[in-house]
Amino acid sequence: MGKAGRYIGILMVLALPMACKKGGCNVVDYRPFNTTISLVEFSELRLLMQPVALGVERGGVAGLIVMQVSDGQYVAFDRCSTVEPGKRCAVELEGEGPVAVDPCSGAKYILTNGSPSAIAECPLRPYYVRRNQDILIVSN
């Protein structure tokens, strides 16, 4: 590698920290948990694209949102908004679709994958979901 290549390499390494925002996108605190959710108790989770918002007592920093995205495939996200995660503002379900809104900032998230659709730059924190018959096991 020539001198020019080395200089370019050094410049790229020096520029990396400036390319990332403070904290990157892992902005929501990590809180270990393992919870179970009954599909008998929350029968709407048997339907596709019908999200359920659960309180912080079930896990996460600001609670959980769980939804079935395809036959037997579930997603779960922390309800803590990524706009100002220190405020622990819990996103709320919006209307009849898989969308959540941060009541503090107005940010919106698409619940099929947790990605931001307005205002926010970082997605909701995802969690692992396993199904064991009529029980969902959500953990991080």
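The values are calculated or read from the model by the stated rules, or taken from the named source; none is laboratory data. Bear in mind the structure is a predicted one, so any value in this text is a computation, not a measurement. Backbone-built Cβ (ideal geometry, glycine too); neighbour counts: all protein chains shown. These accessible areas exclude ligands, DNA and RNA; they are computed on the full protein's heavy atoms, side chains included. Shrake-Rupley method; radii C 1.70, N 1.55, O 1.52, S 1.80 Å.
Structure notes:
- Sulfur and carbon atoms: percent of accessible area, the stretch 36-112 [1.4 Å]: 50 percent
- Ranked packing of 75-81, 30-36, 63-69, 100-106, most packed first, by mean Cβ within 10 Å: 75-81, 63-69, 100-106, 30-36
- For the peptides 113-123, 83-93, the ranking by mean Cβ contacts within 10 Å, running from highest to lowest, is 83-93, 113-123.
- Placing a label point 7 Å from the Cα of Thr112 along the Cα-to-Cβ direction, the residues of the stretch 44-71 whose backbone N falls under 15 Å from that point are 48-51, 67-71.
- Computed extension length for Ser70-Tyr128: 19.3 nm, one decimal, from 0.36 nm per residue of separation with the Cα-Cα distance subtracted.
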